[in-house]
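Below you'll find the structure, written out as structure tokens, and then a few comments.
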Amino acid sequence: MKLRNMKFALAVAIGAVTVFAIPEHASASITAGMSAIISNCLSQSEGLVIASSDIALTRAAALEVDAEEQKEEKKDTEEKDEKFCGYTNLGLANVDNYLNVRKEPAEDAELIGKMPAGAGCEVYDKEDGWYHIRSGKVEGYVSADYLLTGEKAKKKAEKYIKEVATVTTTTLFVREEPNTECTILTMVPIEEELTVLETVDNGEWYKVEIDDEEGYVSGDYVEISQKLPKAMTISEVKYGQGVSNVRVDLVQYALQFVGNPYVWGGTSLTRGVDCSGFTMQVYAKYGVYLPHSSRAQPNYGRRISAGEAQPGDLFFYGSGGRINHVAIYIGGGQVVHASNHRDGIKISNAYYRTPICVVSYL
């Protein structure tokens, strides 16, 4: 009896229970002895009791953190699920060539960008027949007559989604073949987006499109995603600051054809034109007659540095040091050019690939 009661008291003490049951028929001596044992056990196990309590609190805190993290992950997943190609409230340019983006909701407001057919945007609100949108780096207003929203936008957007490789290094080489031993076709800057034509060697390389050429980039230096086309920024060229009225007029004339088709060997600014056909036809309107060859056109003007370029000058690009593409500088670090069959006439960063030379004719 004594041994069993002592084991009971000891077990209760070690379990950190503060209320102990002592049988009523136990003697005073047993009670006193057990009290001493309990006191001693509690004293020796104090650290254990405290540690057990700390562990319990730590586990509870960890569970609480885990629950919060799971809640945030679920929220993030739901938000991603709600987005369509990165847009929460998708708008889609429903036009044949391009949709003008203006600074204010009015037809005579300043033109600040152009959305090509199928370009996506975030729609903020609508007022008086205009949508307030953001597409790429352009935020402004577009006519509600030419913008699809909701399920109609998502359904039509499927035909315009493309796989894009975004450059993540300062300068990326575009190579002739998917290896580092071959010829470098050109170099493209960080954040430039290249259309992916094919995935090679499980993503070690990607075949991409550069104007009407094809090349390869290393998968180590690009980020792959599914995207819709986006608006192109336009900074209005104004008279003054050394810019003549001829240059301003030439740029505005060239921009009228953004969105029109690219046709190899073509010379029609409306029905189809290639890069040198585009510059040839635009310049002809201003009395400068150039041959239908990007390689020959530099010979008819004065070569200048890129830093000297003014609106209306021509930027020439190429592969392996040989010129095979030309574009019109429109100011603000941008060019307009007949790019390829997929994009037609469009606006690009003037350094979307490394220029070989810049030539002035005006």
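The values are calculated or read from the model by the stated rules, or taken from the named source; none is laboratory data. Note that this is a predicted model, so its numbers are computed, not measured. We place every Cβ from the backbone using ideal geometry, glycine too, and count neighbours over all the protein chains shown. We work out accessible area using only protein heavy atoms, side chains counted, and drop any ligands, DNA or RNA first. Shrake-Rupley method; radii C 1.70, N 1.55, O 1.52, S 1.80 Å.
Solvent-accessible surface of the range 214-310, averaged per residue with a 1.4 angstrom probe and all protein chains in place: 51 square angstrom. Solvent-accessible surface of the range 115-192, averaged per residue with a 1.4 angstrom probe and all protein chains in place: 53 square angstrom. With the simple spin-label model, which puts each label point 7 Å out from Cα in the Cβ direction, the Lys285 to Lys152 separation comes to 3.3 nm. Structural size metrics of the range 283-362, computed from C-alpha coordinates, are Rg and Dmax of 11.8, 32 Å. Indicate the gyration tensor shape class of the range 251-297 (rounded, prolate or oblate), computed on the Cα atoms with a ≥ b ≥ c the square roots of the eigenvalues: a/c under 1.5 is rounded; otherwise a/b larger than b/c is prolate and the rest oblate. Since a/c reaches 1.5 but b/c is at least a/b, the shape of the range 251-297 is classed as oblate.
Treating r as the C-beta distance of Glu176 and Lys227 and R0 as 30 Å, the FRET efficiency rounds to 0.70. Net length available on complete extension from Tyr124 to Ser293 is 56.3 nm, with 0.36 nm assigned per residue and the Cα-Cα distance removed.
Measuring between alpha carbons in the structure, the pairs from Lys114/Lys155; Lys114/Lys207; Lys152/Lys285 lying more than 31 angstrom apart are Lys152/Lys285.
Antiparallel beta bridges, as assigned by DSSP with both residues in the range 243-362, represent about 95 percent of the total such bridges.
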